[in-house]
Amino acid sequence: MGKRALMVDLLTSKPTNGLPEFHADLRTILLAQKTELMSEVARATANQFNNFMMAITSYAELEMKNASTTQRRSLEQVLSNASRATALVQKLLAISRKQAASFQPVDLNNVLTGISDLLEQLAGERISVVFNLDPSIPMVNADPAEIEQVVLNLAINARNAMAKGGKLTTSTALVDLNQESMGMGEIERPGKYVMLSIDDTGHGDTTEELVGSHDQNARINLSLAAVRGIVKSAGGCIRFNNEPGKGSSFNIYFPALKQDAREDPGRSSRRNVPVARTILVVEDDDAVRIPTSEFLKMEGFKVLQARTGDEAIHVVQQNRSRLDILITDIVMPRMTGLQVAEKLLELHSDLKVLYMSGDTDQAHSSPENDPPENAILRKPFRLDTLTDRIHELLGE
């Protein structure tokens, strides 16, 4: 058999005699490549979308400054719908596994209620979706988008196991874990953990229904591998239980934070602190840079603008006054925001830097020069949030 005939057989559902394992491996590789391509398309689309939504929300916030009560209601609806659209794109990125991790204190109950509608749509009419959420659970340190990815992946697998209908139950609870109860090596340290459970009334994993095609099993394996990676990166662990004919249960354990990192009580007062600071905004997209700069002027800052890195350096050299803060997009033509910051720090050693990014992958394309996560604002963000972050940088 020639090489051409062999390749045809490998890509069909009929493996060549003597090569079933190689056939299975190749199909898995091709599926992974297809998934990677879809992820790249999702990332590129989301980057443009984030810039568009940033422009829409920024101009809406500017209009709210001098709007009447009636106009404010309409603008608030614009901002609300923009927020919902942004959340939807973030969920798509989570499914594609291309959103960079952003660890922060997270209330799992809030994450779950935020995707409840999507879970019901994924489950379909034959499956009832039930939530048993403990309102007293503490927060955990995780990426909200990655938590959504975990839940959605497991929900899709559960749905596939309940072709004839059933019940999908999502629960949260606070539990005590130790090495004796979990097994050596499964948890980093004993203590309080928040348990997230995904239970279904499917067939378990010993019936013929689960065997399915190789493509289906490959998708399941890729999905569960992603889940395990996310849980491990958050310092947690996962356990799987099933009873043939009765269903499956995934229990995921995240270390509980000792103190809830709620909103800083001093946050609301920061914005009333009078400042006389100079800020340089570097952004190649006019629809983002202009409203951002106008808003900061309304907040009492002196604002300089630049479209590119070269222009930013020229503006600073021409402006001899003190420069306090640089706000720059990370991904720009010719010179990145990281390079701009490096150049300007040579001129102003105590310069504070805040990065903007709508492209989460390229924001972390150079690990050796990655900015700290707390120095990045992910588009689209509310301009009020920008003001809060500026005062945090200034220690006010």
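What do you reckon, is residue 343 of a type in the set (Lys, Arg), at pLDDT 90 or above and closer than 28 Å to residue 61 by Cα?
Working: of a type in the set (Lys, Arg): yes; at pLDDT 90 or above: yes; closer than 28 Å to residue 61 by Cα: no.
So residue 343 does not fit the description; no.
Given the conditions (1) hydroxyl-bearing (Ser, Thr, Tyr); (2) at pLDDT 85 or above; (3) surrounded by fewer than 13 Cβ atoms within 10 Å (Cβ to Cβ), report the number of the one that residue 80 does not fulfil.
(2)
If you check 180, 125, 186, 120, which single one turns out to be over 17 Å from residue 254 (Cβ atoms), of a type outside the set (S, T, N, Q), modelled with pLDDT under 90 and in contact with a strand residue (DSSP E or B) (Cβ under 6 Å, 6 or more places away or on another chain)? Can you show your working first?
Values: 180 fails: in contact with a strand residue (DSSP E or B) (Cβ under 6 Å, 6 or more places away or on another chain); 125 fails: in contact with a strand residue (DSSP E or B) (Cβ under 6 Å, 6 or more places away or on another chain); 186 fails: over 17 Å from residue 254 (Cβ atoms).
Criteria check complete, one pass: 120.
Restricting to the range 244-283, name every residue that is within 29 Å of residue 358 (Cβ to Cβ), buried (at least 19 other Cβ atoms within 10 Å of the Cβ) and modelled with pLDDT of 90 or more.
Result: 254, 279, 280, 281, 282, 283.
Identify all residues within the range 330-356 that are within 22 Å of residue 380 (Cβ to Cβ) and surrounded by fewer than 17 Cβ atoms within 10 Å (Cβ to Cβ); write none if there are none.
333
Identify all residues within the range 127-170 that are within 14 Å of residue 198 (Cα to Cα), assigned to a strand (DSSP E or B) and polar (S, T, N, Q); write none if there are none.
Of everything in the range 127-170, those that are within 14 Å of residue 198 (Cα to Cα), assigned to a strand (DSSP E or B) and polar (S, T, N, Q) turn out to be 128, 132, 169, 170.
Is at least one residue of the range 120-140 in contact with an Asp or Glu (Cβ under 7 Å, 6 or more places away or on another chain), under 21 Å from residue 230 (Cβ atoms) and of a type outside the set (Gly, Ala, Ser)?
Start the filter on the range 120-140 by keeping residues that are in contact with an Asp or Glu (Cβ under 7 Å, 6 or more places away or on another chain), which leaves 129, 138-139.
After this cut, where a residue has to be under 21 Å from residue 230 (Cβ atoms) as well, the list is 138-139.
So of that shortlist, the ones also of a type outside the set (Gly, Ala, Ser) come out as 138-139.
Yes.
Does any residue in the range 305-329 that is loosely packed, with under 13 Cβ neighbours inside 10 Å come within less than 9 Å, Cβ to Cβ, of a residue that is not basic (Lys, Arg) six or more places away or on a different chain, and which pairs are these?
If the second residue must be not basic (Lys, Arg), the pairs left are 314/306; 317/347; 321/278; 322/278; 322/348.
Suppose we keep only residues that are in a loop (DSSP other than H, G, I, E, B), surrounded by fewer than 20 Cβ atoms within 10 Å (Cβ to Cβ) and modelled with pLDDT under 85 within the range 359-385. Which one would you say is nearest to the chain's Cα centre (by Cα)?
361
Quickly run through the range 105-123 and pick out the residues that are loosely packed, with under 13 Cβ neighbours inside 10 Å and either of a type in the set (A, V, I, L, M) or farther than 17 Å from residue 85 by Cα (or both).
Answer for the range 105-123, where residues must be loosely packed, with under 13 Cβ neighbours inside 10 Å and either of a type in the set (A, V, I, L, M) or farther than 17 Å from residue 85 by Cα (or both): just 110.
The values are calculated or read from the model by the stated rules, or taken from the named source; none is laboratory data. Computed from a predicted structure; not experimentally measured. Using ideal geometry, Cβ is built from the backbone for each residue, glycine included, and neighbour counts are taken over all protein chains shown.
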